[in-house]
2 protein chains.
Amino acid sequence: MSTYFHYIPTQNVKSINKHAVLDLIRFTPGGISRVQLAQRMSLTRAALTVIVNDLMESGVIRETNSRLSNAGRPAITLEINPQSGFVAGVDMGATHLSILIANCAAHVIAEKEVPFNIADGPTVCLDRADSLLRETASQAGIELSNLLAIGVGVPGPIMSEAGMVVAPPIMPGWDRYPIRASLEKRWNCPVSLNNDAELGAVGEWAYGAARSAANLAYIKVGTGVGAGLLLDGHIYRGATGSAGEIGHLTIDPNGTLCTCGNRGCLETFASGTAIARMAREAVVKNQPTQLSQFERDRITARNVADAARRGDLTAQQIIAEAGAQLGVALAGLVNLINPNMVVVGGGVAQIGDLFLEPVRREVKRRSLPGSVNTMQITTALLGRRSIGMGALVQAISIALHRIADEKNLN
Amino acid sequence: MSTYFHYIPTQNVKSINKHAVLDLIRFTPGGISRVQLAQRMSLTRAALTVIVNDLMESGVIRETNSRLSNAGRPAITLEINPQSGFVAGVDMGATHLSILIANCAAHVIAEKEVPFNIADGPTVCLDRADSLLRETASQAGIELSNLLAIGVGVPGPIMSEAGMVVAPPIMPGWDRYPIRASLEKRWNCPVSLNNDAELGAVGEWAYGAARSAANLAYIKVGTGVGAGLLLDGHIYRGATGSAGEIGHLTIDPNGTLCTCGNRGCLETFASGTAIARMAREAVVKNQPTQLSQFERDRITARNVADAARRGDLTAQQIIAEAGAQLGVALAGLVNLINPNMVVVGGGVAQIGDLFLEPVRREVKRRSLPGSVNTMQITTALLGRRSIGMGALVQAISIALHRIADEKNLN
DNA sequence: ATAAATAGTTAAAATGCTTGACAAAGTTTA
DNA sequence: TAAACTTTGTCAAGCATTTTAACTATTTAT
């Protein structure tokens, strides 16, 4: 059963099919031909001729030169027209801001990243995003007014329709601030506002480690820990947009006090913050470690990762412990969600297998065999870019579908 | 973004809309008029005239006598034709088997329940289901051959397309046994095979405590613990059909050894089995309790519940402890899934608030305010019948949609 | 009693698909 | 090398299903 009332507002049958064609072309690596489209969509070749012609007239797609064939007339492969315009993706993290500018084929032509503090509040932060966007655009050699759409990711739960964050665990001062409205006015183009982990999932699904996985969890392990969920091919946001907020799962009721008021939350074990804290504790306890060379209160997760890679046993142990605790939490996620794939991203995930192996081991140990055997756990293929690429995906969606629809009205 | 390729195989536009109309009529309490249907579906009244006439000709729906209006011509309310035929719902639990027979308006006309042991394996169990179905049918005064479709729920992860359970944690001997094929042959009518917790969610969504909640978790607390998920209006089964298997979430890594090989799984704290075990331990420790009157190895969760209701403090404490531990696990579920509503069902949930209050308290304490404030936790409104009613929903879906499609072919 | 409002029906027009024939552009076979 | 075959893509006619717009039906309000 679907328990969901699918129906067809027939006035836009063609529009729906056009958008489906567009998305199939976008997300099929290497492009796709009319015949293949017809097969995937259960439509006839004739119908696709009409739809494809329409899309070519509006300029969003084009024919490639490659002509592959087994026997018979070779098929013409279709692709997104890279000249249909430019978009931007903005990744506002807790401690960094990064911006990508790309064409509608998701080819990145300029990129910038700067340190940042989300706790500075919306006025300061949005100003900073604005100026970095202008810098990045000028580096790409285009005017801001040439951007067709902009995707934005922020580390908080989002009310999609309203374009704002609601009751975010971090992001002080942002609660119910009209982020999308403010940015659309500033940039004079449509803005898609999304949760960062959710964009990570979208990015990895579209161009990364989880291409076309139907059930995917992207775990962002950075300053905090959050999950982005793609379930049955759709972004899952939950009732109030805060699905995937796993940072405050209770791992140990008697653990360290967390900023949220509870004890032993996942974030107190397996975030960048936690890794740094554990390292400082190790130094205080005079454990043998290269980390002693740093000023104690300035040790970062990155220092720990570097030391671990250089063979520092204490650092390795800290990271393995963080991984194991994340594994305990992910085992729960796997039992509950039963995904095809779990992609671990965010700053901490860059450490690599030193961190990921303990995660895999605990998940394997604590999850149902039926769920875990068919599932993969990997690091983000797009690395630091997962979220930015997800933001691009959203921006490109808006841009292409707008163009396609405009043509439709004529 | 949808990241899901919606398209319209145009040959059945009308069929799709017909089915949508049918489901809207089925699941709108008190029925719905043509105009309301038109509004919900973004179609015109004229289109609905045609579709509704079609459905009335096939006999699946009918006009009611109620004519409600504010001003103007009163609307004719439509409802499922209760005379379109009979269906059955089969709930095979770990320790009980229950069967409902109903008409397509989900009005139950006969009902039977017997003790049962799923561990007897498919041959024995399916035989028993077959004979109980025959008994129930004869009590209802209908022939087995009059059943249009039968919904079946079993306590294991299901491969929908194959109609079998795969790697079930309980259900020894059932792995990959062709349950659906076997039953369809036996009963000579279409069978829908589903996970029991999933059916609980469907039942409560359709006719229970969670009417039309878009994001719903049904928690079945019986011999074991499992969850059925309805996310964004769709049943969510996960990559391999084992989504919602929360019985073996690790609550305490140093806890009691579980049948699954790990320690401190949720089921060792918050299942019927666990409650009985804790009661036996209390008796062994000579704690003051009415439970001492029972033969020690025969104490059941039901005995504990009865004692708790009569004011036995030890029994109350055991139940509160089980509830609290379930609450810890559900807090994780709430943070991850962010549902509108959590419905707690299964035998243990019948205990009521003695059990549910500690659940609520722990969830409230450990979940994000943004997720928990808009969410309700309740006991199953349909009580022991949740799963059976869910099975009926599935059976009725098959029955009505078949009839509607048959007519369509003429 | 008449006007206003809302529900439901009908026939013509519009939309967007399928059907079936055909042209185009390759590979395979004789 | 030419003919046969295979597959892709297009076109015009036909068909299914919706919308449009006018109409009828049945109630409440004045």
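Filter the strands (runs of 3 or more DSSP E) completely within the range B:33-103 down to those with at least 2 residues that are charged (D, E, K, R).
On the way: elements: B:61-68, B:75-80, B:86-92, B:96-103.
Because the criterion is at least 2 residues that are charged (D, E, K, R), the strands (runs of 3 or more DSSP E) in the range B:33-103 that meet it are B:61-68.
Please go through the range B:123-166 and pick out each residue that is assigned to a loop (DSSP other than H, G, I, E, B) and more than 27 Å from B:Ala110 (Cβ to Cβ).
Passing the criteria: B:Pro157, B:Ser160, B:Glu161, B:Ala162, B:Val166.
Scan the helices (runs of 4 or more DSSP H) fully inside the range A:240-356 and keep the ones with 3 or more residues being within 15 Å of A:Lys220 (Cα to Cα) and within 13 Å of chain B (Cβ to nearest Cβ).
On the way: elements: A:267-270, A:272-284, A:301-309, A:313-337.
Answer list for the range A:240-356: A:313-337.
A quick yes/no check of all residues on (1) assigned to a helix (DSSP H, G or I); (2) surrounded by 19 or more Cβ atoms within 10 Å (Cβ to Cβ); (3) at pLDDT 95 or above:
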{"residue": "A:Pro168", "(1), (2), (3)": "no, yes, no"}
{"residue": "A:Ala181", "(1), (2), (3)": "yes, no, yes"}
{"residue": "A:Lys185", "(1), (2), (3)": "yes, no, yes"}
{"residue": "A:Cys189", "(1), (2), (3)": "no, yes, yes"}
{"residue": "A:Asn194", "(1), (2), (3)": "no, yes, yes"}
{"residue": "A:Glu198", "(1), (2), (3)": "yes, yes, yes"}
{"residue": "A:Glu204", "(1), (2), (3)": "yes, yes, yes"}
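Do we find that A:Gln39 is within 14 Å of another protein chain (Cβ to nearest Cβ) and either within 15 Å of DNA strand C (Cβ to nearest atom) or over 21 Å from the mean Cα position of the chain (by Cα) (or both) in this structure? Steps first, answer last, please.
Numbers: within 14 Å of another protein chain (Cβ to nearest Cβ): yes; either within 15 Å of DNA strand C (Cβ to nearest atom) or over 21 Å from the mean Cα position of the chain (by Cα) (or both): yes.
Taking the combined requirement at face value, the residue satisfies it.
Looking at A:Asn146, is it open to solvent by 30 Å² or more (accessible area, probe 1.4 Å), in contact with a Gly (Cβ under 9 Å, 6 or more places away or on another chain) and farther than 30 Å from A:Glu245 by Cα? Lay out the reasoning, then the answer.
On the way: open to solvent by 30 Å² or more (accessible area, probe 1.4 Å): yes; in contact with a Gly (Cβ under 9 Å, 6 or more places away or on another chain): yes; farther than 30 Å from A:Glu245 by Cα: yes.
Yes, satisfied.
Out of the residues in the range B:357-374 meeting the condition of being in contact with a strand residue (DSSP E or B) (Cβ under 7 Å, 6 or more places away or on another chain) and crowded, with 23+ Cβ neighbours inside 10 Å, tell me which one is farthest from the other protein chains (Cβ to nearest Cβ). Before you say what the answer is, go through the steps one by one.
If we filter the range B:357-374 for residues that are in contact with a strand residue (DSSP E or B) (Cβ under 7 Å, 6 or more places away or on another chain), which is where we start, we get B:359-360, B:363, B:366.
Add one more test, that the residue is crowded, with 23+ Cβ neighbours inside 10 Å, and what stays is B:359, B:363, B:366.
Numbers: B:Val359: 14, B:Val363: 11, B:Arg366: 5 Å.
Applying the filter and picking the extreme gives B:Val359.
Report every pair of residues separated by at least 6 positions or lying on different chains whose Cβ atoms are under 6 Å apart, first residue within the range A:18-46 and in contact (Cβ under 8 Å) with a residue 24 or more places away in the chain, second hydroxyl-bearing (Ser, Thr, Tyr) and more than 14 Å from DNA strand D (Cβ to nearest atom).
A:Met41/B:Tyr7
Take the conditions of a type outside the set (Ser, Thr, Tyr), surrounded by fewer than 23 Cβ atoms within 10 Å (Cβ to Cβ), out of contact with any Asp or Glu (no Cβ under 7 Å at 6 or more places or on another chain) and at positive phi and apply them to B:Asn254. Does it pass?
Values: of a type outside the set (Ser, Thr, Tyr): yes; surrounded by fewer than 23 Cβ atoms within 10 Å (Cβ to Cβ): yes; out of contact with any Asp or Glu (no Cβ under 7 Å at 6 or more places or on another chain): yes; at positive phi: no.
Taking the combined requirement at face value, the residue does not satisfy it.
Filter the range B:154-169 for residues that are under 15 Å from B:Gly238 (Cα atoms) and either outside the structural domain of B:Leu199 (by TED's automatic domain parsing) or touching a strand residue (DSSP E or B) at 6+ places or on another chain (Cβ under 7 Å) (or both) and give the result.
B:Gly156, B:Pro157, B:Ile158, B:Val165, B:Val166
Of the conditions (1) within 14 Å of chain A (Cβ to nearest Cβ); (2) farther than 30 Å from A:Phe27 by Cβ; (3) without any contact (Cβ under 8 Å) to a residue 24 or more places away in the chain, B:Asn12 satisfies every one except a single condition; which number is it?
Failed condition: (2).
Right, A:Leu216: open to solvent by less than 10 Å² (accessible area, probe 1.4 Å), without any contact (Cβ under 8 Å) to a residue 40 or more places away in the chain and not assigned by TED's automatic domain parsing to the domain that holds A:Ala106 or not? It would help to see each step written out before you state the result.
Numbers: open to solvent by less than 10 Å² (accessible area, probe 1.4 Å): yes; without any contact (Cβ under 8 Å) to a residue 40 or more places away in the chain: no; not assigned by TED's automatic domain parsing to the domain that holds A:Ala106: yes.
Answer is no for this residue.
The values are calculated or read from the model by the stated rules, or taken from the named source; none is laboratory data. Keep in mind it's a predicted model, so treat the numbers as computed, not measured. Backbone-built Cβ (ideal geometry, glycine too); neighbour counts: all protein chains shown. Please note that ligands, DNA and RNA were not included when accessible areas were found on the heavy atoms of the full protein model with its side chains. Shrake-Rupley method; radii C 1.70, N 1.55, O 1.52, S 1.80 Å.
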